[in-house]
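Engineer: Handing you a structure now.
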């Protein structure tokens, strides 16, 4: 009997519910077209929830984390609103995002960067096939480890401290993940070579020297994959000048966060950028973009990143459970997104088009059905 998969859904704030709605439509179509056995359960969480509860301490129900931990996968929308902050000035939503990352030990943040047909890159000479790499970012340490504080004297804040934590365990597992991830890819567009680029600032920072040393130690286990190096400041220009050189980039938390934003711009914008947060036992999937409250309720947000996040979720579940139906479902979504872009049906206002959020989602589902008919 086929296994039934449980998906926890947290739509989030701002445009989150709108883009997640379209992602769930694609998921439902995939379920129908491939006979998948899966159920989704939606949970309220985020700034809107916090406001609705009278600015209570908790940003979600206390049971929600436990339910997410028992689900087979999590689909997360953008969390937080710029104007909604705690008394200490901290953003509302951090308990959810970092609570899931740290609580479920989702140590690998995976951000694919791929320029697709029908999308214009800001790099005028680049076409589909020229840009296809992934940023693998350590997700639980670095400057986001939460070791921080403010020094106050006489009622005035004088200094802020954030400790950058790089451990052997954290570095080893993210670097191993990056090399294994490269083994599943076709290599860099420029030369088809599988290549892992270690990005750091080892000429200045001690934590980076440890990270690079561990990278060198582990690279010998993967002789068929080329090892490469770049300082973080240098690669910012090389991603713009020659993105086709890169296959897989592995780096620490903050550096990966920044490089991923450059990658999103190269592929056409945040509306096209999905991501995964992977641990040993859990996976969480989310669009890279924020809640964009100025567009909420206007039916103009681009749902592509959320839809591709569902594709990544199904792909991951397929690998975890060796399930060909999940693989087929993921492939249907990806091919439908590509076809929709080529036809101009996914060109929302951020891509220079006029498609609404709903129209974009409907186009993907329509093309999924057409593709499934051809396969049958």
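The values are calculated or read from the model by the stated rules, or taken from the named source; none is laboratory data. Because the structure is predicted, anything quoted here is derived from the model rather than measured. Glycine gets a Cβ as well: all are built from the backbone with ideal geometry, and neighbour counts include every protein chain shown.
One line per residue, one yes/no per condition, for (1) in contact with a strand residue (DSSP E or B) (Cβ under 6 Å, 6 or more places away or on another chain); (2) farther than 25 Å from residue 73 by Cα; (3) in a helix (DSSP H, G or I):
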{"residue": "328", "(1), (2), (3)": "no, no, yes"}
{"residue": "335", "(1), (2), (3)": "no, no, yes"}
{"residue": "340", "(1), (2), (3)": "no, yes, yes"}
{"residue": "346", "(1), (2), (3)": "no, yes, no"}
{"residue": "359", "(1), (2), (3)": "no, yes, yes"}
{"residue": "364", "(1), (2), (3)": "no, no, yes"}
{"residue": "368", "(1), (2), (3)": "no, no, yes"}
{"residue": "371", "(1), (2), (3)": "no, yes, yes"}
{"residue": "374", "(1), (2), (3)": "no, yes, yes"}
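Engineer: Looking at 207, 187, 155, which one is at positive phi, outside the structural domain of residue 280 (by TED's automatic domain parsing) and in contact (Cβ under 8 Å) with a residue 40 or more places away in the chain?
Structural biologist: 187
Engineer: Among the listed residues 288, 338, 310, which satisfies the condition of being buried (at least 24 other Cβ atoms within 10 Å of the Cβ), in contact (Cβ under 8 Å) with a residue 40 or more places away in the chain, closer than 30 Å to residue 239 by Cβ and within 21 Å of the chain's Cα centre (by Cα)?
Structural biologist: Selected residue: 310, the only one of 288, 338, 310 that is buried (at least 24 other Cβ atoms within 10 Å of the Cβ), in contact (Cβ under 8 Å) with a residue 40 or more places away in the chain, closer than 30 Å to residue 239 by Cβ and within 21 Å of the chain's Cα centre (by Cα).
Engineer: Taking residue 135 as the residue in question, decide whether it is surrounded by 16 or more Cβ atoms within 10 Å (Cβ to Cβ), under 23 Å from residue 284 (Cα atoms) and assigned by TED's automatic domain parsing to the domain that holds residue 309.
Structural biologist: So residue 135 fails the test.
Engineer: Please go through (1) surrounded by fewer than 17 Cβ atoms within 10 Å (Cβ to Cβ); (2) in contact (Cβ under 8 Å) with a residue 24 or more places away in the chain for residue 374 and return the number of the only condition it doesn't satisfy.
Structural biologist: Exception for residue 374: condition (2).
Engineer: Here's a follow-up. Spot the failing condition for residue 144; the list is (1) crowded, with 18+ Cβ neighbours inside 10 Å; (2) under 16 Å from residue 268 (Cβ atoms), and only one is missed.
Structural biologist: (2) is the only condition that residue 144 fails.
Engineer: Mind checking which strands (runs of 3 or more DSSP E) fall wholly inside the range 1-94 and carry at least 3 residues that are under 20 Å from the mean Cα position of the chain (by Cα)?
Structural biologist: Where strands (runs of 3 or more DSSP E) fall fully within the range 1-94 and carry at least 3 residues being under 20 Å from the mean Cα position of the chain (by Cα), they are 5-10, 73-76.
Engineer: When you check residue 128 against the structure, is it over 21 Å from residue 215 (Cβ atoms) and surrounded by 12 or more Cβ atoms within 10 Å (Cβ to Cβ), yes or no?
Structural biologist: For residue 128, the condition - over 21 Å from residue 215 (Cβ atoms) and surrounded by 12 or more Cβ atoms within 10 Å (Cβ to Cβ) - is met.
Engineer: Quickly run through the range 226-253 and pick out the residues that are in contact with a strand residue (DSSP E or B) (Cβ under 6 Å, 6 or more places away or on another chain) and in a loop (DSSP other than H, G, I, E, B).
Structural biologist: 246, 247, 252
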